[in-house]
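> For reference, the structure I am asking about is given below.
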Amino acid sequence: MNKNAKWMAIAGAVVVVAVIVAVVVHAGHKYNAGGNTSTGSTSDTGAMNMSGNNSSGGASSSTPTAADAVSIQNFAFGPANITVKVGDTVTWTNKDSTAHTVTADTASSDAPASGDVAPGSTYSFTFKRAGTYIYHCAIHPSMQGSVTVTQ
């Protein structure tokens, strides 16, 4: 094999690897594109009644139902917006390979504030008052979600 043929083979292999990487990255972004829904709404502090009880980071004692379970996966909360009743506990499960947080947009000692939720870990919060609780990941602010709590 002459020198030019070797370089052509190497260049071809590099192109193949680059195409494979691009396809994998694109597939990940395409999957995530519909999962990160932002409500775009804001609430003033007076209108947002937030109260909860942090039953911190480790595994929860009961399996959350579909209505009160949020997955953290592909840098998105899913579902991004949920509705629960007063007294319900919402459990977020981090299925990503990096840490995330569940941080209320309006900081309060009664609002969800998880701190770092490690990969494979959960964070649970009991909502005691009706209202809309808008939250985000403090590490990745483009990750947003909301919990609407009804009577």
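> Take peptides 121-129, 72-80 and line them up by average Cβ neighbours within 10 Å, highest first, as a rough protection proxy.
Highest mean packing first, the order is 121-129, 72-80.
> Ranked from the most accessible area to the least, with a 1.4 Å probe and all protein chains present, what is the order of Asp105, Asp96, Asp116?
Largest accessible area first, the list is Asp116, Asp105, Asp96.
> Could you order Ile82, Ile139 by accessible surface area, starting with the largest, using a probe radius of 1.4 Å?
The residues order as Ile139, Ile82, largest area first.
The values are calculated or read from the model by the stated rules, or taken from the named source; none is laboratory data. What you are looking at is a predicted structure, and each value in this text was computed from that prediction instead of being measured. Because the Cβ atoms are built from the backbone with ideal geometry, glycine has one as well, and the counts that use them run over all protein chains shown. Only protein heavy atoms, including side chains, enter the accessible area calculation; ligands, DNA and RNA are left aside. Shrake-Rupley method; radii C 1.70, N 1.55, O 1.52, S 1.80 Å.
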